[in-house]
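Since the structure comes first, as structure tokens, the remarks are kept for the end.
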Amino acid sequence: MQVIERDEVQKCLAAQKAGLYSEVLERMECGMALRFGPGEWSMRTSLPLYFLGKYNRGKKTVSVRKVGQDWLVVKL
């Protein structure tokens, strides 16, 4: 068991609410993409539903495309 400080708890909760890939997407420029190959996505929610539901709230920020067997998450 580990005791963590209040600030660290708030950071963890904020990161979880923002999404796993928020930091990466913020650093990316428009037109850049994340590529997920077969077997790289292990969450229960499908990749398109996760990204479109999490990052397109209020303003469209990402697009998800299937290219061959890979998924591309393009920052708009």
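Readers should treat all values here as calculations from the given coordinates under stated rules, not as data from a laboratory. The shown structure was predicted, so the numbers you read here are calculated from the model rather than taken from an experiment. As a convention, Cβ positions derive from the backbone with ideal geometry for all residues, glycine included, and neighbour counts pool all protein chains shown.
Of note:
- Efficiency of FRET from Cβ geometry, M28 and Q2, R₀ 30 Å, rounded to 0.05: 0.40
- Normalising the average separation of contacting C-alpha pairs (under 8 angstrom, six or more residues apart) by the number of residues puts the relative contact order of the chain at 32 percent.
- Low-density loop positions, GluC sites (Glu not before Pro), the stretch 8-76 - DSSP coil, at most 13 other Cβ in 10 Å: E29, E40
- Simple spin-label estimate for W41 and L20 in nanometres, 7 Å along Cα-Cβ: 1.1 nm
- Charge context of L47, other residues only, Cβ under 13 angstrom, K/R +1, D/E -1: +3
- Non-local Lys pairs in the chain, i.e. 8 or more apart or on different chains, that have alpha carbons under 17 Å apart: 6
- Values (i) 6.7; (ii) 5.5; (iii) 7.6 are given for comparison; mean projected area of the Cα convex hull in nm², derived from the coordinates here, is the one labelled (i).
- Loop-located trypsin sites (Lys or Arg not before Pro) across the chain with a Cβ neighbour count of 10 or fewer within 10 Å are R44, R57, K59, K60, with loop assigned by DSSP.
- Helix content alone sets the calculated 222 nm mean residue ellipticity of the chain: runs of n ≥ 4 DSSP H residues at -39500 (n - 2.57) each, divided across all residues, give -10500 deg cm²/dmol.
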